[in-house]
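Below: one structure, written as structure tokens.
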Amino acid sequence: MDSARSPHDPSAYLESLMQAGQRSFRQFDDALAAAMGLGDKAAERETSPFVAPFNIQRDSILQFWKFWNATLVKALGVEQKVQPAKGDRRFKDDAWAQTPYYDLLKQSYLLSSKQLTDFVEQAQVDEKTKLQLKFHARQFIDAMSPSNFPATNPEVIRAAIQTRSASLATGMRSLIDDIQKGRITRVDESKFEVGGNLATTPGSVIFENELIQLIQYTPVTAEVEKTPLLIVPPCINKYYLLDLGKGNSFVEYAVAQGHHVFLISWRSAVPEIGHLTWDNYLTLGPLQAIDVVREIEGVNKVHALGFCVGGTILSCAAGVLTARGEDKLSTVTLLTTMIDFSDTGDIGLLIDEAAVALREATIGNGGILPGKELAFTFGTLRANDLIWRYVVDSYLKGATPDAFDLLYWDSDSVSLPGPMYCWYTRNTYLENKIMEPGKTTQCGENIDLRRVKAPIYLLASREDHIVPWKSAYLSKDLIGGQPRFVLAASGHVAGVINPPAKNRRSHWLNDDVSGDANAWLDKAVERPGSWWGDWDAWLKRLSTGTVAAPSQAGSANYRFIEPAPGRYVKLKSN
């Protein structure tokens, strides 16, 4: 203790208590070590299976003591040591730091969260089990935040006082509405309309079957690339992520660059198609669409682009074509797509043998996986941002959700046929078979993706929590020829949907893909803005020139059915 301090100085008194407490903990530590028969040797203590959890518990108690000490002497200038993680917006209100009661709640929660996380980190289990434990621990930690409860959130209490409880009444009405919907409302849905201010690029539906509608977009240039482009969006989402609206649309951009664009619009599963399999998705989806586009345009080959699960479907369809000896693809573009599922990120933690077997037993021979279940599963991957934030804002504070096109799209879920979903999860996330030559039979063919030789463009997003970028990079050795790999900034969606005109974010380029992902990134050059221009230039280098743009959509065999975006994309899933 500083001899200059007065014996009545409260900070000096607390410091002496702290020192006494530390001596007590050392004595307790020695006593526990003796009880465990560890003696005085440090090496013996470190190798004991009891030591790691005991150290965590002891450290947690010490941290709590330091916190209480800091709380009591805060007026004397002692600073808090525990801070929320960077980007954690739950405790942004000043009251969490300036009001002792809320500060105590926050600090207690953060310390308890750290203790639980440390316990999981020390668990003596295999790596996958540890990752699963971390995931479920994070779900519990996120759910128990004091910001999620009306009595312990200062913003909620303030809003209730200011509105004379009207905010709580409004929140309860929102909760009742969402219970009836079966999902959390995260966006002001009244501000958006598919075909109104979303999915607005002009085009025509010129083909449909029980699973897809095929859209042909209207050219805006006098000439178009002779080799047409077929886009295969993910079947677990509505396609209009790629056509969000004027100035924010990948489809609009591709059309403006002179590409003759066709796009698959997947139908959300209804009972009459609940029997469809993975092979049906390949046959009724890209395989049939490729032939329709080839016939309409009078060409032998098409450019094909797949996004996320759409990229996996396209890759398998390319494998089927190759096995049949059919050379119909001029190039293949895969956006945030996995073929090697050895590292699947957080979503892979939710798929294990028991979960897949249960689905196979219930819907594997027919039935539907509801879109709302898929949407909720994806939401749990970022629960604070995609679930609890809206619980607090809508139900506790009575706020009206923002009007955000990406959130509207994300909430517009798609259901899947049970047989298709079960085959996909077993052969990808669970058993990782599609990457291995001859391990799967699809559409009656033994599939070897390495035999696909079309030039390939691979895009990954650096902060993608659904398709880790290093997993996407592995596709360079699994499919296609002359691979070009590009890494976009941001996440799974924002990394892809980045119009050049907005001049946002950046991307990394490196022509040398001979090494591993880390070696690629070490020598990659960061470029400002969107990757779209790089992809456009790459595709045109591999095209066969231009032709006059057609004056009308379709052909004698494939006539106009209805204007884009068509009926299928407007159907709501259960």
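The values are calculated or read from the model by the stated rules, or taken from the named source; none is laboratory data. It should be emphasised that the depicted structure is a prediction, and the values quoted were computed from it without experimental measurement. Every residue, glycine among them, receives a Cβ derived from its backbone with ideal geometry; neighbour counts consider all protein chains shown. Each accessible area value is taken on the protein alone, full model and side chains, heavy atoms only, with ligands, DNA and RNA left out. Shrake-Rupley method; radii C 1.70, N 1.55, O 1.52, S 1.80 Å.
For the range 313-390, what is the accessible area per residue in Å² when the probe is 1.4 Å?
On the way: 2850 Å² over 78 residues.
Heavy-atom SASA per residue in the range 313-390 reads 37 Å².
Most simply put, the range 358-487 has about 45% antiparallel DSSP beta bridges, counting only bridges with both residues inside it. Relative to the longest principal axis of the Cα atoms of the chain, the long axis of helix 532-541 lies at roughly 30 degrees. Considering only beta bridges that DSSP places wholly inside the chain, some 55 percent are antiparallel.
Can you give me the convex hull volume of the Cα atoms of the chain, divided per residue and expressed in Å³?
On the way: hull volume 114.8 nm³, N = 574.
Residue-normalised Cα hull volume stands at 200 Å³.
Based on the inverse mean of 1/r over its pairs of different Cα atoms, what is the Kirkwood hydrodynamic radius of the range 105-188, in Å? One over the average 1/r among Cα pairs gives 15.6 Å for the range 105-188.
Taking the Cα centre of the range 299-431 as the origin, how large is its charge dipole in debye, to the nearest 20, when only Lys and Arg (+1) and Asp and Glu (-1) carry charge on their Cβ atoms? Don't skip to the answer; put the middle values down first.
Values: 9 positive and 16 negative charges, 59 e Å.
Using Cβ point charges on Lys, Arg, Asp and Glu, the range 299-431 gives about 280 debye.
Ordered from highest to lowest accessible area with the whole protein assembly present and a 1.4 Å probe, ASP94, ASP410, ASP340 read as ASP94, ASP410, ASP340. Applying a DSSP loop filter and a limit of 13 other Cβ atoms within 10 Å to the trypsin sites (Lys or Arg not before Pro) in the range 163-207 leaves ARG164. Listed by chain and number, the lysines whose alpha-carbon sits under 19 Å from that of LYS238, ignoring those within fewer than 8 places in the same chain, are LYS181, LYS191, LYS246, LYS372, LYS570, LYS572.
Rolling a 1.4 Å probe over the protein heavy atoms leaves LEU133 with an accessible area of roughly 70 Å².
Only Lys, Arg, Asp and Glu count, each charged at its Cβ (+1, +1, -1, -1), so figure out the dipole size of the chain about its Cα centre, rounded to 20 debye. Show your work: numbers first, answer last.
On the way: 60 positive and 66 negative charges, 153 e Å.
Rounded to the nearest 20 debye, it is 740 debye.
Here the Karplus curve 6.51 cos²θ - 1.76 cosθ + 1.60, taken at θ = phi - 60°, turns the phi angles of the range 383-389 into couplings of 4, 4, 7, 10, 10, 5, 4 Hz, with x standing for Gly and Pro. The amide H of PHE307, built 1.01 Å from its N in the peptide plane, has VAL232, LEU335 as neighbours under 5 Å, considering only residues 5 or more places off or on other chains.
Trypsin sites (Lys or Arg not before Pro) within the range 110-148: which are DSSP loop residues with at most 13 other Cβ atoms inside 10 Å? Filter output for the range 110-148: empty list.
Restricting to Cα pairs below 8 Å that are 6+ residues apart, what does the relative contact order work out to for the chain? Please round to a whole percent.
Values: 1030 pairs, mean separation 99.7, N = 574.
That works out to 17 percent.
Distances between placed amide hydrogens fall under 5 Å for GLN442 paired with ILE447, all partners being 5 or more residues away or on another chain. Convex hull of alpha carbon positions in the range 409-525: directionally averaged projected area 9.4 nm².
Among the protein heavy atoms of the range 193-259, carbon and sulfur supply 49% of the accessible surface, probe 1.4 Å, non-protein parts ignored.
Please list, by residue number, every one of the GluC sites (Glu not before Pro) in the range 286-355 that is coil in DSSP and has at most 16 other beta-carbon atoms within 10 Å. It would help to have the intermediate numbers written out before the result.
Details: sites: GLU295, GLU297, GLU326, GLU353; in loops: GLU326.
Those satisfying the criteria are GLU326.
Residues in the range 437-512 average 39 Å² of solvent-accessible surface per residue, probe 1.4 Å, ligands and nucleic acids excluded.
When the accessible area of the range 493-574 is computed with all protein chains present and a 1.4 Å probe, what percentage of it is carbon and sulfur? Here it works out to 49 percent. Computed extension length for ILE176-GLU445: 91.8 nm, one decimal, from 0.36 nm per residue of separation with the Cα-Cα distance subtracted. When the P(r) of the range 226-334 is calculated, the portion above 21 Å amounts to 34% of the C-alpha pairs. Counting protein heavy atoms only, the range 332-428 has 55 percent of its accessible area on carbon and sulfur, 1.4 angstrom probe.
Computed extension length for GLU223-GLU562: 119.6 nm, one decimal, from 0.36 nm per residue of separation with the Cα-Cα distance subtracted.
Which angle between 0 and 90 degrees, to the nearest 10, do you get for helix 51-72 versus the longest principal axis of the chain when only C-alpha atoms count? In the chain, helix 51-72 runs at an angle near 70 degrees to the longest axis.
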